[in-house]
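First comes the structure, then the notes that go with it.
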């Protein structure tokens, strides 16, 4: 049975629909991320769960109880905000203990729990400092401790790492996941960062224009995108446009070169316009299997990303990006040199239903 | 020194002279009570006058009451406007500005028409009720300063997120307002409070027309009948105002958590 149930939630503002029929069932202890671009409705959905927004239709049920109309201070959900939202007038210990004090817990219990939480976030010695005396990463850890101190039924995180720099972001996201696993707390995480969603989540809900595009595990979302939007939004993708040559063989022509797709061209007719997508990691500069595709072009750009070198190869109208591991003993490809790229038939994702060209 | 800097210094010097010369003149005059030498006699006379202590005590009491009513009225209003009704902000700002453009005498005549002893709410019927009416009129008079000060303070903090954070931790509205919002706009509220104090201490029109023993009418009365004492009283009034401004600075500096984040 679902622990948190979002049933047919809709949210309309004056002229716009922010959330359109969102359905989701979250099991106890699950980590679910809402992923999508700005304005896709992910934060609004989270705010509806928290009680800060009232849905225009639909229901939120927590552990079988309908909490749709319950005020936010009676929902018992912990929330972590992008801007930390620590109370500037209170010390770190007072911030962490605020929820417990509001709940009129005994002072000894508050002190014990605050200590426990500060130890959990590895800041046991900073209880007497004020928020402004802490770095951004430390403040966000305190915000997490404050939300967890009240032992909420669900933990909600609204882009908690967006305001932090890259290194701290990675460290803190690992810490969030480890704490979540340790406490086995049901967690809803909102982000526009696909890497964050892929690395943290048990399941990802990809949203676009208020609608759910796909719900699945990170593996499913990345490797089997259900819609062109998911394919384009999650991960880096090269989109190649051409036309269908022989639908029976799955053959297409892109910039005058034949490419064969293992699936996706069923029902297409020769001459139909078509778009296919390829992930950078499935394309290589070395020879692939015999049944694989090969295309010849010119190296247009080379980006050194540390452990990975991303190469962009241009054909005529289309370009393709591919990743190679950085090998210090070999020099990377040079701009302008001819290149042959290889990729398997199974790696070709037919994005759009072919239309007569 | 460049030409621009020289002009800036000259303008500053002009401003300082414009402000301080009359003040120094008043101070110097207030010390000339005794012929041929400077003395504090005018101050001694004023400070020993039982009417001075009575009127300053009365005005101080009313100022404190005005501040209390003003804070209770303005802080929740400005908070709610910022949080839930931002579209109403221009309307509320317009209303709070009205006391600056409508003369105090118009307000008093309005009050007298509405609350005279034969009206449905005879607030001028007794001294205590008139004090209440005077306090309310002072709240109106100080509204532009109190509202602006509090509104500026609220704009400096993320009211919405702090409120939502407190709500998610189980806090009710009263807890949010008293333990989260108010402490974080403390400096702004203090600024509004001291401005209110300075306005009430020197206010003449309303107190005079409502016939209440406030410091403003006393100041006017002394000024009309005596020579050196009014100058001493003016200096004392300035000292009170400056002390209020100084207190804003001192108390504001010590507010925890209101330093710029690193």
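For the range B:195-238 and the range A:62-132, what is the separation of their C-alpha centers, rounded to whole Å?
52
For helix A:136-149, report the angle its Cα long axis makes with the longest principal axis of the Cα atoms of chain A; keep it between 0 and 90° and round to the nearest 10°.
It is inclined by approximately 60 degrees.
So what is the diffusion coefficient of the range B:39-251 in µm² per second by Stokes-Einstein at 4 °C and 1.567 mPa s, using a Kirkwood Rh over Cα pairs?
For the chosen part, D equals 69 µm²/s.
Extension gain residue B:102-residue B:44, at 0.36 nm per residue separation less the Cα-Cα distance, in nm?
Numbers: separation 58, 0.36 × 58 = 20.88 nm, distance 3.82 nm.
Between residue B:102 and residue B:44, full extension yields 17.1 nm more.
Contact order normalised by length for chain A, with contacts defined as Cα pairs under 8 Å and 6 or more residues apart; what percent is it?
Values: 771 pairs, mean separation 54.7, N = 357.
Across chain A, relative contact order equals 15 percent.
With viscosity set to 1.002 mPa s at 20 °C, what whole-number translational diffusion coefficient in µm²/s follows for the range A:22-133 from Stokes-Einstein and a Kirkwood radius over Cα pairs? If you can, show how the numbers build up before the last one.
Details: Rh = 16.5 Å.
Reported coefficient: 130 µm²/s.
Add -39500 (n - 2.57) for each DSSP H run of 4 or more in chain A, then divide by its residues: what number comes out at 222 nm, to the nearest 500 deg cm²/dmol?
Details: 8 runs with 85 residues, N = 357.
-7000 deg cm²/dmol, from helical runs alone.
Cut-off is 10 Å between beta-carbons; in what order do A:3, A:31 appear when sorted fewest neighbours first? Can you show the working numbers first?
Working: A:3 17, A:31 21.
Listed from fewest to most nearby Cβ atoms, that is A:3, A:31.
Evaluate Rg over Rh across the range B:111-153, taking Cα atoms for both radii and Kirkwood's formula for Rh.
Expressed as Rg/Rh, it is 1.18.
How long is the gain from residue A:258 to residue A:165 if the chain were fully straight, where each residue apart is worth 0.36 nm and the alpha carbon distance is subtracted?
Extra length from residue A:258 to residue A:165 when fully extended: 29.1 nm.
What do you get for the angle between helix A:166-183 and the principal long axis of chain A? Use alpha-carbon atoms, 0 to 90 degrees, nearest ten.
That helix lies at roughly 60 degrees to the long axis.
Provide the descending list of Cα extents for the range B:93-200 along its principal axes, expressed in whole angstroms.
Dimensions of the range B:93-200 along the principal axes of its Cα atoms: 52, 27, 23 Å.
Two decimals is fine: what's Rg over Rh for the range A:133-222, C-alpha atoms, Kirkwood radius as Rh? Walk me through the intermediate numbers first.
Details: Rg = 13.6 Å, Rh = 14.0 Å.
My calculation puts Rg/Rh at 0.97.
Is it possible to state the helix-based mean residue ellipticity at 222 nm for chain B, with each DSSP H run of 4+ residues giving -39500 (n - 2.57), the sum divided by total residues, to the nearest 500 deg cm²/dmol? What is it?
On the way: 11 runs with 192 residues, N = 262.
Using -39500 (n - 2.57) per qualifying helix, the result is -24500 deg cm²/dmol.
How high is the relative contact order of the range A:31-131, in percent, with contacts defined as C-alpha pairs under 8 Å that are six or more residues apart?
Values: 70 pairs, mean separation 21.1, N = 101.
In percent, rounded to a whole number, it is 21.
Determine how many Å³ per residue the convex hull of the Cα atoms of the range A:67-116 encloses. Numbers along the way, then the final one.
Values: hull volume 5.2 nm³, N = 50.
So the per-residue Cα hull volume is 105 Å³.
How do B:205, A:44, A:191, A:236 rank when sorted from fewest to most other Cβ atoms within 10 Å of their own Cβ? Can you show the working numbers first?
Numbers: B:205 18, A:44 22, A:191 25, A:236 13.
Sorted ascending by nearby Cβ count, the order is A:236, B:205, A:44, A:191.
Restricting things to Cα coordinates, could you compute the convex hull volume per residue of the protein assembly as shown in Å³? Write down the numbers at each step before the final one.
Details: hull volume 177.5 nm³, N = 619.
Looking at the protein assembly as shown, the number lands at 287 Å³ per residue.
Let me have the relative contact order for chain B, percent, based on Cα pairs under 8 Å that are six or more residues apart.
RCO, chain B: 27 percent.
At what distance in nm do the modelled label points of residue A:103 and residue A:302 sit from each other, each positioned 7 Å from its Cα along Cα→Cβ?
Roughly 5.9 nm, to one decimal.
Count the DSSP beta bridges whose two residues both fall in the protein assembly as shown, then state the antiparallel fraction as a percent rounded to the nearest 5.
Working: 55 of 73 bridges.
Antiparallel bridges: around 75 percent, rounded to the nearest 5.
For a footprinting-style exposure proxy, rank A:331, B:244, B:191 by other Cβ within 10 Å, fewest first.
On the way: A:331 7, B:244 19, B:191 24.
Ranked by crowding around the Cβ, least crowded first: A:331, B:244, B:191.
So for each of B:100-110, A:45-55 I average, over its residues, the number of other beta carbons within 10 Å; can you give me the resulting order with the highest mean first? Each step should come with its number before you reach the end.
Working: B:100-110: 12.9, A:45-55: 21.3.
Ranking the peptides B:100-110, A:45-55 by packing returns A:45-55, B:100-110.
Among A:231, A:143, A:107, which one shows the highest mean-square fluctuation when chain A is modelled as a Gaussian network with alpha-carbon springs under 10 Å?
Result: A:107 has the largest fluctuation of those listed.
By its C-alpha gyration tensor, with a ≥ b ≥ c as the square roots of the eigenvalues, how is the range A:216-315 shaped: rounded for a/c under 1.5, else prolate for a/b larger than b/c, else oblate? Show your work: numbers first, answer last.
Values: a/c = 1.89, a/b = 1.22, b/c = 1.55.
Note, shape of the range A:216-315 comes out oblate.
Restricting the count to DSSP beta bridges whose residues both fall in chain A, what percent are antiparallel, rounded to a multiple of 5?
Percent antiparallel among DSSP bridges in chain A is about 75.
Of all DSSP beta bridges located in the range A:143-231, what percent are antiparallel, nearest 5? Intermediate results must be reported in sequence, preceding the final value.
On the way: 5 of 10 bridges.
Around 50 percent of the beta bridges assigned by DSSP in the range A:143-231 are antiparallel ones.
For an R0 of 60 angstrom, estimate the FRET efficiency from the Cβ-Cβ distance between residue A:340 and residue A:132 and round to the nearest 0.05.
Working: r = 57 Å, r/R0 = 0.96.
Between residue A:340 and residue A:132 the formula returns 0.55.
If you count, for every residue in A:73-83, the Cβ atoms of partner chains within 10 Å of its Cβ, what is the mean? Could the numbers behind the result be given before it?
Details: counts 10, 3, 3, 2, 1, 2, 6, 2, 7, 1, 5.
Rounded to a whole number, the mean comes out at 4.
What angle do you read, to the nearest 10 degrees and between 0 and 90, between the alpha-carbon axis of helix A:107-120 and the longest principal axis of chain A?
20
So what's Rg/Rh here for chain A, counting alpha carbon atoms and using the Kirkwood radius for Rh?
Values: Rg = 24.6 Å, Rh = 23.0 Å.
Here the Rg-to-Rh quotient is 1.07.
For peptide B:176-184, compute the average count of partner chain beta-carbon atoms within 10 Å of each residue's beta-carbon. Could you put the intermediate results ahead of the total?
Values: counts 2, 0, 0, 7, 6, 2, 1, 4, 4.
Neighbouring Cβ atoms belonging to other protein chains average 3 per residue here.
Quick one: plug the Kirkwood hydrodynamic radius of the range A:1-87 (C-alpha pairs) into Stokes-Einstein at 20 °C, 1.002 mPa s, and report D in µm²/s. Let's see the in-between values first.
Working: Rh = 13.6 Å.
Taking Rh from Cα pairs, D becomes 157 µm²/s.
I want to check the label-to-label distance for residue A:314 and residue B:152. Put each point 7 Å from Cα in the C-beta direction and report it in nm to one decimal.
5.7
Take each of the peptides B:51-63, B:206-218, average the number of other beta-carbon atoms within 10 Å over its residues, and list them starting from the highest.
Numbers: B:51-63: 18.2, B:206-218: 20.9.
Averaged packing, sorted descending, gives the order B:206-218, B:51-63.
Let me see the pair-distance distribution of the range B:1-157: every alpha carbon pair, 10 Å bin width, integer percents in order.
9, 21, 22, 25, 17, 5, 1, 0
Dividing the alpha-carbon Rg of the range B:194-256 by 2.2 N^0.38 Å yields what?
Working: Rg = 14.3 Å, N = 63, 2.2 N^0.38 = 10.6 Å.
For the range B:194-256, the normalised Cα radius of gyration is 1.35.
Within a 10 angstrom radius of each residue's Cβ in A:194-201, how many Cβ atoms of other chains show up on average? Whole number is fine. Write out the running numbers ahead of the final one.
On the way: counts 0, 0, 0, 0, 0, 0, 0, 0.
The mean count of partner-chain Cβ atoms within 10 Å per residue comes to 0.
Each reported figure results from applying straightforward, stated rules to the coordinates on display, with no laboratory input. In this text, all values refer to a predicted model and were calculated from it rather than measured experimentally. Don't worry about glycine lacking a Cβ; one is built from the backbone with ideal geometry, like all the others, and counts go over all protein chains shown.
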